[in-house]
Amino acid sequence: MLNLLLLGSVAVVSLMLVLWWLGVRTNNFSYVDLGWSANFIVLGLIYGIWGDGDVVRRVLICSMYGLWSLRLTLHLAVRIIGEPEEGRYVQLRTEWGRAGYLNLKFLGFFQFQAVLNILLGVPMLLAAMNASSGLHAIEGIGAAIWAMALVGETVADVQLKNFKQDEKNRGKVCNTGLWGWSRHPNYFFEWLIWIGYALFAFASPWGWVTMALPVLMLHFLLNVTGVKATEEQAVRTKGDAYRQYQRDVSAFVPLPPKT
């Protein structure tokens with residue numbers, strides 16, 4: 001297990017280093033999002049091929065990580081490759097650039113994401129090393145939650161993409177479909193995906209330690225790179241229209257709108 005963890009760590013750190021260098025060359029650090037997502041495909045391949053647990057369980061958990069990661073990576077690739085740097089990172093560039101060492105600060109930011117990849121990949125590693133035959137009921141529950149959340153996240157992304165592609169909606173706030181019940185339905189379903197992973201791993205030895213990961217992910221989604229940063233950027237660009245949206249619609253958990 002330690003050898004697999006080391007191999008996975010070297011792989012994701014190396015990929016983030018390459019993407020940081022690409023960000024420096026292209027003046028676009030949005031590639032960090034692409035790397036964070038794609039790294040789970042890398043870990044899935046490593047743990048799936050060299051893990052020595054039950055093959056059915058190993059293939060299932062690595063496929064769960066891999067399919068989610070592939071969908072998100074392709075979604076982000078369309079949004080990032082060849083496009084200007086996203087507003088969140090433009091803002092960070094402004095804030096961090098005042099004190100100097102901008103590229104080094106972003107290097108630390110990229111590698112911090114690699115550390116998160118390794119930490120959040122622990123449920124996959126534990127399940128891939130579980131040699132017991134036959135799936136436990138809680139693994140089935142985790143897989144079912146993961147599947148429901150993947151569908152929800154995909155629907156939310158498609159709805160937002162369709163809204164933005166309509167010229168009539170230029171500059172407006174998306175408040176239709178799932179976005180009329182939650183300001184960030186994609187992040188909500190993202191959180192459910194990590195609950196699914198943790199439940200799946202719970203049936204494996206030491207799986208109980210993964211119960212902390214959905215809590216960690218919730219903190220990051222709400223307070224660090226997710227809701228907080230996205231809403232600050234939305235208020236800067238959409239002003240009062242977004243403030244009204246904040247008053248009417250739940251921030252995270254889908255709920256009926258106030259108006």
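All of the numbers you see were taken from the coordinates with simple rules; none came from a lab. This one's a predicted model, so the numbers in the text were calculated from it and none came from an experiment. A quick note on method: Cβ atoms are made from the backbone with ideal geometry, for glycine too, and the neighbour counts reach across all protein chains shown.
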>> If you only keep lysine pairs separated by 8 or more in sequence, or across chains, how many in the chain come under 18 Å at the Cα atoms?
In response: 7
> What order do you get for 242, 197 when you list them from fewest to most C-beta neighbours inside 10 Å?
Replying inline: 242, 197
>> Going by Cα centres, the stretch 1-39 and the stretch 120-152 are how many Å apart?
In response: 25 Å
>> Whole-Hz ³J(HN,Hα) for each residue in the stretch 107-124, computed from phi via Karplus 6.51 cos²θ - 1.76 cosθ + 1.60 with θ = phi - 60°, x for glycine and proline: what do you get?
In response: 4, x, 5, 4, 6, 5, 5, 5, 4, 4, 4, 5, 5, 6, x, 4, x, 5
>> Spelling out what I want: for every residue of the stretch 202-211, take phi, set θ = phi - 60°, compute 6.51 cos²θ - 1.76 cosθ + 1.60 (Karplus), and round to whole Hz; glycine and proline get x.
In response: 4, 7, 9, x, 6, x, 4, 5, 6, 5
>> If the only charges are +1 at each Lys and Arg Cβ and -1 at each Asp and Glu Cβ, what is the size of the charge dipole of the stretch 1-131 around the Cα centre, to the nearest 20 debye?
In response: 140 debye
>> Please report the spacing between the Cα centers of the stretch 50-90 and the stretch 165-229 in Å, no decimals.
In response: 14 Å
> Got a sec to turn the phi values of the stretch 14-22 into Karplus ³J(HN,Hα) couplings, 6.51 cos²θ - 1.76 cosθ + 1.60 with θ = phi - 60°, whole Hz, x for Gly and Pro?
Replying inline: 5, 5, 5, 5, 5, 5, 4, 4, 5
> Among 204, 220, 150, whose Cα sits farthest toward the positive end of the charge dipole of the stretch 135-259 (+1 at Cβ of Lys/Arg, -1 at Cβ of Asp/Glu, about the Cα centre)?
Replying inline: 220
> Of 97, 3, 115, whose Cα points farthest to the positive end of the dipole of the stretch 1-131 (charges on the beta-carbon: +1 Lys, Arg; -1 Asp, Glu; origin at the Cα centre)?
Replying inline: 97
> By average Cβ neighbour count within 10 Å, what is the ranking of 38-45, 154-161 from highest down?
Replying inline: 38-45, 154-161
>> Show me the ranking of peptides 57-67, 227-237, 74-84 by mean Cβ neighbours inside 10 Å, starting with the highest.
In response: 57-67, 227-237, 74-84
> Rg to Rh ratio, the stretch 88-207, alpha-carbon atoms and Kirkwood radius?
Replying inline: 1.11
>> From the helices alone, meaning DSSP H stretches of at least four residues, give me the mean residue ellipticity at 222 nm for the chain, per-run term -39500 (n - 2.57), in deg cm²/dmol to the nearest 500.
In response: -24000 deg cm²/dmol
> Based on the alpha-carbon gyration tensor of the stretch 209-259 and its eigenvalue square roots a ≥ b ≥ c, which shape applies: rounded if a/c is under 1.5, prolate if not and a/b is larger than b/c, or oblate?
Replying inline: oblate
> About the Cα centre of the chain, what is the dipole size in debye to 20, counting +1 per Lys and Arg Cβ and -1 per Asp and Glu Cβ, all else neutral?
Replying inline: 680 debye
> Which Cα, out of 59, 251, 70, lies furthest along the positive dipole direction of the chain (beta carbon charges, K/R +1, D/E -1)?
Replying inline: 251
> Can you list residues whose amide H is under 5 Å from residue 130's amide H, if they're 5+ apart or on another chain and H is modeled 1.01 Å from N?
Replying inline: 53, 54
> What is the pair-distance distribution P(r) of the stretch 139-216, computed from all Cα-Cα distances in 5 Å bins starting at 0, with each bin given as a whole percent?
Replying inline: 3, 16, 20, 17, 13, 10, 8, 6, 3, 1, 0
>> Principal axis extents for the chain, Cα atoms only, whole Å, descending order, please.
In response: 56, 46, 28
